[in-house]
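Written out below as C-alpha cells is the structure these notes cover.
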Amino acid sequence: MAFIGDNYRRGNGNPRYSPTFPRGGLGAQFACEVFDNDVGVTMTIAIQHKNIEDLTFTTLGSISTMAVGVNSANLTGIKEEVRLAFTVNGANPEDTVYANILAPAWRPY
C-alpha cells in the first residue's frame, strides 16, 4: 500500500520536529499538501536550519496557516542542517490536520 500522508495533532500545542537532514542546495522550495483538517484548524511548518558548529537551530522561513491544497515556500541561504517544526493551530488537543510533506526541490542558488 502506498504511503499517503500523516495526521498531525495539536496535543499540548508545542511544535513537533522532523529528523534533521543535510541541505541539497543553497535554495529550495519546501511544500506540504493538506488533504483535510478539522474545522477552523490550520498548521504552520517552520523551516529551521543551522551549521554543524551552531548550537541551536534558527527559523529560515515558514509555510503558515495552510489551507487544503499544496502550500509552499521558496527559501534561499540555507545552512548545512535542516529540520521542520510542525505546529497545529487549534484550541483543543485533538485538533488534527491530515497532510503530506513533499520532498524539498533543491536549487544551487
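Let's see if you can work this out: charge +1 on each Lys and Arg Cβ, -1 on each Asp and Glu Cβ, no other charges. What is the dipole magnitude of the chain about its Cα centre, in debye to the nearest 20?
Dipole size: approximately 240 debye.
Hey, what did segment 1-74 get for relative contact order, percent, Cα under 8 Å, at least 6 apart?
Averaging sequence separation for qualifying contacts and normalising by length gives 33 percent for segment 1-74.
Once amide H atoms are placed 1.01 Å from N in the peptide plane, what residues at a sequence separation of 5 or more from S62, or on another chain, have their amide H within under 5 Å of its amide H?
Under 5 Å from the amide H of S62: I47.
For Cα Rg over 2.2 N^0.38 Å, the choices are (1) 3.49; (2) 1.08; (3) 1.25; which was calculated from the structure?
(2)
For segment 34-51, take each phi angle, set θ = phi - 60°, evaluate the Karplus expression 6.51 cos²θ - 1.76 cosθ + 1.60, and give the result in whole Hz per residue in order, putting x for glycine and proline.
For segment 34-51, the Karplus-derived couplings read 8, 8, 6, 8, 5, 4, x, 9, 10, 9, 10, 10, 8, 8, 10, 8, 6, 8 Hz, x marking Gly and Pro.
If you average 1/r across every pair of different Cα atoms in segment 1-56 and take the reciprocal, what Kirkwood value do you get, in Å?
14.6
So, with a 1.4 angstrom probe, what is the percent of accessible area on the chain that is carbon and sulfur?
Heavy-atom surface of the chain belonging to carbon and sulfur, 1.4 Å probe: 53 percent.
The values are calculated or read from the model by the stated rules, or taken from the named source; none is laboratory data. Just so it is clear, the model here is predicted, and its values are computed rather than measured. Heads up, the Cβs are rebuilt from the backbone with ideal geometry, glycines too, and the neighbour counts pull from every protein chain shown. Only protein heavy atoms, including side chains, enter the accessible area calculation; ligands, DNA and RNA are left aside. Shrake-Rupley method; radii C 1.70, N 1.55, O 1.52, S 1.80 Å.
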